[in-house]
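Student: The structure follows.
The values are calculated or read from the model by the stated rules, or taken from the named source; none is laboratory data. What you see is a predicted model; the values in this text were computed from it and never measured. Note that each Cβ is placed from the backbone with ideal geometry, even for glycine, and that neighbours are counted across all protein chains shown.
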Amino acid sequence: MKRLLLTAALVLAASPALAHKLKVFAAAEGATIVGTAYFAGGGKAQNSTGRLLAADGTVLTEFRTDAQGGFRLDVASRQDYRVAVDSGDGHVAETRVAASELPLSLPMGEGSSTPSAPAPVAAPTPATAGTDAIEMAVARQILPLRQQIDALEERTRFSDIMAGIGTIFGVFGIFAWIAARRPRTP
Amino acid sequence: MAHIPDGVVTVPVLVAGAVASAGFLGLGLRALTPERMPRVAVLSAVFFVASLIHLPAGPASVHLILNGIMGAVLGWAAFPAILVALLLQAVLFGFGGLVVLGVNAMNMGVPAVLAGLVFRALWRRDRPRRTALLGAACGGGAVALTTVMLSLSLVASGREFLTVAQLVVLTAVPVMVVEAAFTAAALGLVARVKPEMLEEG
């Protein structure tokens, strides 16, 4: 009974808690990749080392996150990027920034995921410059929203907790069933 | 803190973790008798949930591990209990990776079994104070050993020892304190009201 109470207390104390897991969020804001590294449910990953990689894994630049876990990286070409962060204590996280997020005016890089996109003109014409300004404004507006969705994905849901507990009891129930069918050795 | 994600440790560490875990799992499964199965299942579920309780600790947050008390109550059977819970944490919450499951199970399960062996050898039914102190030592000790093994797994994978040790050990201290107090209280209670639980198996 006491044990049952103990279990119940632990389960209740765990209500919608969050995972201790490093996450990195990155998005393009004009020709800059902005993002944050944070522990899902915990604090920001301050002063962690990070790397900006090309899609094929070559390291383009290294950086450190600031006190808010944030970083800003200027990029020179329009291609797929990967951002990897390492908090030093065994947590790593990686995310992607697709070429399609970056402005059309940047020169096309290798490994772009949008080969069907119209070939960029060498110099930004007034038309593309205007598009870039709009795209940048929209990107800045929806950034907090995207960050929120990203964090929401990591929420530990009550249904997940119950599914896990149910599966554990089920697994050991099957064990018990098999063990009970075996003839008992005295 | 104790859950290593995929892509951090190198292949030799992965293999060592998998081999050690397979061995301990084999021994642990032999301790799984039908009579003890419900207890193993309950504590496995407690371990599964305990990782969701977060304590703020400086820049990061840490969570309980509870491997000391699992070892004390379950003995060898603590290993399969921890392995099943870790598998589900990886699948449902993304806590730790699937490929490194062996390493994570080794880092948390081996201290559990060792704490259990020490506790069962030294506790006395008629000495409640000694039992509580022993519980504190096992609870805190298991976390400390997990921390050391975690640091070693990372160092063996080519991380710089000093950085890893600082970060990992610093965040582990509050967990050790909380777990020592919790394990002492829980085992003290069990030793008083249901001592046979700590004797069988």
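Student: Kindly indicate which of A:Gly57, A:Gly50, A:Gly30, A:Gly43 is surrounded by 16 or more Cβ atoms within 10 Å (Cβ to Cβ), more than 13 Å from the chain's Cα centre (by Cα) and modelled with pLDDT under 85.
Tutor: Values: A:Gly57 fails: surrounded by 16 or more Cβ atoms within 10 Å (Cβ to Cβ); A:Gly50 fails: modelled with pLDDT under 85; A:Gly43 fails: surrounded by 16 or more Cβ atoms within 10 Å (Cβ to Cβ).
On inspection, the qualifying residue turns out to be A:Gly30.
Student: I've got another one for you. Out of B:Arg130, B:Arg124, report the one residue that is over 28 Å from B:Leu27 (Cα atoms), surrounded by fewer than 18 Cβ atoms within 10 Å (Cβ to Cβ), touching a Lys or Arg at 6+ places or on another chain (Cβ under 8 Å) and not acidic (Asp, Glu). Walk me through it before giving the result.
Tutor: Details: B:Arg124 fails: over 28 Å from B:Leu27 (Cα atoms).
Every option except B:Arg130 fails the conditions.
Residue-wise test of (1) touching a residue at least 40 places away in the same chain (Cβ under 8 Å); (2) over 29 Å from B:Pro12 (Cα atoms).
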{"residue": "B:Thr131", "(1), (2)": "yes, yes"}
{"residue": "B:Leu145", "(1), (2)": "no, no"}
{"residue": "B:Val168", "(1), (2)": "yes, no"}
{"residue": "B:Leu187", "(1), (2)": "yes, yes"}
{"residue": "B:Val190", "(1), (2)": "yes, yes"}
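Student: Could you go through the range B:47-55 and let me know if any residue there is over 29 Å from A:Ile178 (Cβ atoms) and more than 8 Å from every other protein chain (Cβ to nearest Cβ).
Tutor: Pass one, the range B:47-55, residues over 29 Å from A:Ile178 (Cβ atoms): B:52-55.
Next, from what is left, pick out any that are more than 8 Å from every other protein chain (Cβ to nearest Cβ): B:55.
Yes, the conditions are met somewhere in the range B:47-55.
Student: In addition: Can you run down the residue pairs with Cβ atoms below 7 Å, 6 or more apart or on separate chains, where the first is in the range B:151-164 and more than 10 Å from every other protein chain (Cβ to nearest Cβ) and the partner is modelled with pLDDT of 85 or more and surrounded by fewer than 15 Cβ atoms within 10 Å (Cβ to Cβ)?
Tutor: If the second residue must be modelled with pLDDT of 85 or more and surrounded by fewer than 15 Cβ atoms within 10 Å (Cβ to Cβ), the pairs left are B:Gly158/B:Thr10.
Student: Which members of the range B:155-177 meet the condition of being outside any helix (DSSP H, G or I), modelled with pLDDT of 80 or more and surrounded by fewer than 16 Cβ atoms within 10 Å (Cβ to Cβ)? First the steps, then the outcome.
Tutor: In the first step, residues of the range B:155-177 are kept if they are outside any helix (DSSP H, G or I); the result is B:157-160.
Narrowing the set further to residues that are modelled with pLDDT of 80 or more leaves B:157-158.
The answer is B:Gly158, and nothing else.
Student: Just to confirm my filter: which helices (runs of 4 or more DSSP H) fall fully inside the range B:59-143 and include at least 1 residues that are modelled with pLDDT of 90 or more and within 17 Å of B:Ala180 (Cα to Cα)?
Tutor: Details: elements: B:67-74, B:78-93, B:101-122.
Passing ranges, in order: B:67-74, B:101-122.
Student: Pick from the range A:1-27 the residues that are touching a Ser or Thr at 6+ places or on another chain (Cβ under 7 Å) and at pLDDT 60 or above: which of them is nearest to the other protein chains (Cβ to nearest Cβ)? Outline the logic, then answer.
Tutor: The initial filter retains those residues of the range A:1-27 that are touching a Ser or Thr at 6+ places or on another chain (Cβ under 7 Å), namely A:16-20, A:22, A:24-26.
With at pLDDT 60 or above added as a condition, the list becomes A:20, A:22, A:24-26.
Numbers: A:His20: 6, A:Leu22: 8, A:Val24: 12, A:Phe25: 15, A:Ala26: 18 Å.
Out of the qualifying residues, it is A:His20.
Student: Right, next: Checking the conditions here, which among B:Leu66, B:Leu27, B:Leu74, B:Leu101 is buried (at least 24 other Cβ atoms within 10 Å of the Cβ), more than 11 Å from chain A (Cβ to nearest Cβ) and among the hydrophobic types (A, V, I, L, M, F, W, C)? Steps first, please.
Tutor: On the way: B:Leu66 fails: more than 11 Å from chain A (Cβ to nearest Cβ); B:Leu27 fails: buried (at least 24 other Cβ atoms within 10 Å of the Cβ); B:Leu101 fails: buried (at least 24 other Cβ atoms within 10 Å of the Cβ).
On inspection, the qualifying residue turns out to be B:Leu74.
Student: Could you count how many residues in the range A:77-99 are modelled with pLDDT of 85 or more and either more than 16 Å from the chain's Cα centre (by Cα) or away from every other protein chain (no Cβ under 14 Å) (or both)?
Tutor: Count: 10.
Student: If you don't mind, there's one more thing I want to ask. Has the range B:32-51 got at least one residue that is of a type outside the set (Ser, Thr, Tyr), touching a residue at least 40 places away in the same chain (Cβ under 8 Å) and more than 29 Å from B:Arg192 (Cα to Cα)?
Tutor: No.
Student: For B:Phe119, all conditions in the list (1) within 18 Å of B:Val46 (Cα to Cα); (2) in contact with a Cys (Cβ under 6 Å, 6 or more places away or on another chain) hold save one; what is the number of the exception?
Tutor: Single failed check for B:Phe119: (1).
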